[in-house]
Amino acid sequence: STPVRDRLRIAIQKSGRLAEPARALLASCGLSWRESRDRLFCYGESLPVDLLLVRDDDIPGLIADGVCDLGVVGRNVLLEQGGGRVGNGAAPAFREWRALGFGGCRLALAVPDAWDWQGPEQLTGKRIATSYPALLSQWLAGQGIAAEVVLLSGSVEIAPRLGQAEAICDLVSSGATLTANQLKPVMTLLESEAVLAGPVETLDAARGELAELLLRRLDGALRIRHSKLLLFQASRRVLPDLLPLLPDAEAPTVMQLDGADDLALQALCHGAVTWQRLEDLKRAGARGLMVLPVEGMLA
Ligand code: ATP
Ligand code: MG
């Protein structure tokens, strides 16, 4: 049997789209690491939470095997590998714990520009190239369509030009790659973003407590990611006009200033505090507006 580990281990992408934002998010939860020379393992200094730097495709398997406790990976990869496991009769071994709000993209079905797209039935009998065979097969089955899934590990978008397939199913963010290959997206199979993945079961003992602590900090960090603290003054009578202008604000703290009916207010705003919005607030009677960054929040 494997020895009990009392340090939490999190797998993140070594390099690529999710590498830096994953690290930055974990750092904003108060984690710091001593870099190792091989840069595959980072020893946690502020808390017993270590990082393993790997290919994103390896992350779900590392969780399933118990090598890592948690991982930051695209929902697309997590669901594809989860679907693959279930297709092979294996029990689900990992699940999405939190959506992280970066690495946004979608898994889309794309067909040649020249096609007059009428609907999924048009795919009957066609070959569709993809690196996401489980997700594509699931979707085709759900639509009741018999098409051939052609598995390619990369360069999926040139498959139609190479005569390997008629359509493709691939990740899209801006759509520029599709356009460059004379393809157009016609259906979205999955909206994806980076997620915190963990085991289906909760972790036990020391690692469970660490994971709980991390989740609480993560929820705080995610909640305030775009939040600002707004300070201003106003007279009591303009409040009914002012308060609805605060972008997604929590109930403000209101302080009475000496003498007149002047108030000082502070409001935590989770929506975007734009220049436009500040000007609207000023016009509605707010004075001395000040926008402050929010470094941390613990609910
Ligand atoms: P690795 O070397 O770790 O296997 P990779 O090439 O498989 O890297 P990246 O291209 O860095 O992976 O993408 C990682 C994740 O970023 C994807 O799985 C997806 O969730 C997300 N992503 C966001 N936008 C895009 C996009 N336009 N194309 C591909 N992936 C995207
Ligand atoms: Mg990969």
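The values are calculated or read from the model by the stated rules, or taken from the named source; none is laboratory data. Since we're looking at a predicted model, the values are computed, not measured. Neighbour counts run over all protein chains shown; Cβ positions are idealised from the backbone, glycine included.
Val195 - would you say it is assigned to a strand (DSSP E or B) and more than 30 Å from Leu123 (Cα to Cα)?
Details: assigned to a strand (DSSP E or B): yes; more than 30 Å from Leu123 (Cα to Cα): yes.
Yes; evaluated as a whole, the condition is true for this residue.
Considering only segment 184-218, how many residues are surrounded by fewer than 14 Cβ atoms within 10 Å (Cβ to Cβ) and of a type outside the set (Lys, Arg)? Break it down stepwise before answering.
Taking segment 184-218 first, the residues surrounded by fewer than 14 Cβ atoms within 10 Å (Cβ to Cβ) are 188, 191, 200-202, 204-205, 209, 212, 216.
After this cut, where a residue has to be of a type outside the set (Lys, Arg) as well, the list is 188, 191, 200-202, 204-205, 209, 212.
Looking only at that region, the number is 9.
Just the residues that are within 15 Å of ligand 1 (Cβ to nearest atom) and buried (at least 19 other Cβ atoms within 10 Å of the Cβ), please, taken from segment 70-93.
Scanning segment 70-93 gives Gly71, Val72, Val73, Gly74, Arg75, Asn76, Val77, Leu78, Leu79, Glu80, Gln81, Gly82.
Just to be sure, is Tyr132 among the hydroxyl-bearing types (Ser, Thr, Tyr) and assigned by TED's automatic domain parsing to the domain that holds Glu209?
no
When the residues of segment 94-117 are narrowed to those that are surrounded by 18 or more Cβ atoms within 10 Å (Cβ to Cβ) and among the aliphatic types (A, V, I, L, M), which ends up nearest to ligand 2 (Cβ to nearest atom)?
That would be Leu107.
Among (1) touching a residue at least 60 places away in the same chain (Cβ under 8 Å); (2) out of contact with any helix residue (DSSP H, G or I) (no Cβ under 6 Å at 6 or more places or on another chain), where does Gly71 come up short?
Only one criterion in (1) touching a residue at least 60 places away in the same chain (Cβ under 8 Å); (2) out of contact with any helix residue (DSSP H, G or I) (no Cβ under 6 Å at 6 or more places or on another chain) is unmet by Gly71, namely (2).
State yes or no: is Pro120 more than 16 Å from ligand 2 (Cβ to nearest atom) and not polar (S, T, N, Q)? Give the steps one after another, and end with the answer.
Working: more than 16 Å from ligand 2 (Cβ to nearest atom): yes; not polar (S, T, N, Q): yes.
Answer is yes for this residue.
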